[in-house]
Amino acid sequence: MSKSDLLYSDPIAAAVAAADEIAKKTGIAKHDVALVMGSGWVSAVDALGVPAFECNADELTGFLSPAVEGHSGKVRSYEIDAGDKKMRALVFLGRTHLYEGKGIEPVVHGVRTAVKAGCKIIILTNACGGINTAYKVGQPVLIRDHISLTAVSPLSGATFVDLTDLYSKRIREIVKKEDSTLQEGVYVHWRGPTYETPAEILMMRTMGADLVGMSTVPEAIAAHALGAEVLGISLVTNAAAGVTGEKLNHEEVIAAGKAAADRMGSLLKGVIPKLL
Ligand code: 8IG
């Protein structure tokens, strides 16, 4: 059986296997918090200092090779000073998306691995389109809730999972204490790889959505189902289709991410020690 067969036949066993490999490679039995760095967020992680460990994600059971520019596909471990104690952060630089067409399992494998590696808190970052016309490009927004327009769940079987506090209110309050200018919004998950039409953006706004992107939602569900607390932060890197009349492009996303990296980095560095 190849390393990715296990991902599809028994995804939880694959996550346990990858978590064991991380513990062996890092020499750290248990990590505390995981961060998934989306497009534009990768350089924000520099604020956490020098990693204690780094490997390519595809050296671990179940991880696919990266597909998108700005997603380098590395797994890192950081030691974080949290007053009198030390925390261990597991960082994924890049993620797998539904639009890659490999199914839902690889999309949620990173967060499942993180929970099995001990992480009780999962921080999901992304770059997204702003539907809410009050948002500016370069603005971070805390995800308060989501709408799944893919309706693809990482879960199967008759276990019914409550999602009323999916994006932990406790953690959102901690983050807002760190930066009182932060707003909250509702994130819509769109499969992609096409962006929306202007008519679809109008539909989403009418439904009560503020942000739109192609990630985060399946990972939040998978992490929550395994008992972790979830924080979602979106960086608005473009106005959604039809909002300004401009066309959308990936270079704009990367540039807005680079411009906001310092602010996002110090936000994460400030927040992480207060989470446990
Ligand atoms: I960055 O406008 C980024 N990701 N669906 N729509 C969708 N995903 C995105 C967008 C956007 N911008």
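Derivation of every value follows stated rules applied to the coordinates shown; laboratory data play no part. Since the structure is predicted, the reported quantities are computational estimates derived from the model, not experimental observations. When we count neighbours, we look across all protein chains shown, and the Cβ atoms used for this are built from the backbone with ideal geometry, even at glycine.
The table below lists the values:
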item: Gained length - Asp10 relative to Lys85, 0.36 nm times residue gap less alpha-carbon distance; result: 23.4 nm
item: Helix 250-271 axis, angle to the chain major axis (alpha carbon atoms, nearest 10°); result: 60 degrees
item: The chain: equivalent-ellipsoid semi-axes (sqrt of 5 x gyration tensor eigenvalues, Cα, Å); result: 27, 22, 18
item: Cβ-defined net charge surrounding Asn238, 13 Å radius [Lys, Arg +1; Asp, Glu -1]; result: -2
item: Local net charge near Lys74, Cβ-Cβ under 14 Å (Lys/Arg +1, Asp/Glu -1); result: -1
item: Share antiparallel - DSSP beta bridges, region 136-265, percent rounded to 5; result: 20 percent
item: Quotient of Cα Rg and 2.2 N^0.38 Å for region 118-189, N being how many residues it contains; result: 1.27
item: 11 Å beta-carbon shell around Glu219, net charge (K/R +1, D/E -1); result: +2
item: Nearest 10 degrees, 0 to 90: helix 105-116 Cα axis against the chain principal axis; result: 50 degrees
item: Helix-only mean residue ellipticity at 222 nm for the chain, each DSSP H run of n ≥ 4 adding -39500 (n - 2.57), per residue, nearest 500; result: -9500 deg cm²/dmol
item: Degrees between helix 198-207 axis and first principal axis of the chain (Cα, 0 to 90, nearest 10); result: 70 degrees
item: Spin-label pair Thr159/Thr133, simplified geometry with 7 Å Cα→Cβ offset, distance in nm; result: 4.5 nm
item: Longest segment of the chain lacking GluC sites (Glu not before Pro) that sit in a DSSP loop with at most 12 other Cβ atoms within 10 Å; result: 70-245
item: DSSP beta bridge pairing in region 1-272, given as percent antiparallel to the nearest 5; result: 40 percent
item: For Met37, Met204, order by how many other beta-carbon atoms lie within 10 Å, fewest first; result: Met204, Met37
item: Rg/Rh for region 159-276, where both radii come from Cα atoms and Rh is the Kirkwood radius; result: 0.98
item: Region 220-276 shape via C-alpha gyration tensor axes, a/c threshold 1.5; result: oblate
item: Ascending count of other beta-carbon atoms within 10 Å, so fewest first, for Thr181, Thr194; result: Thr181, Thr194
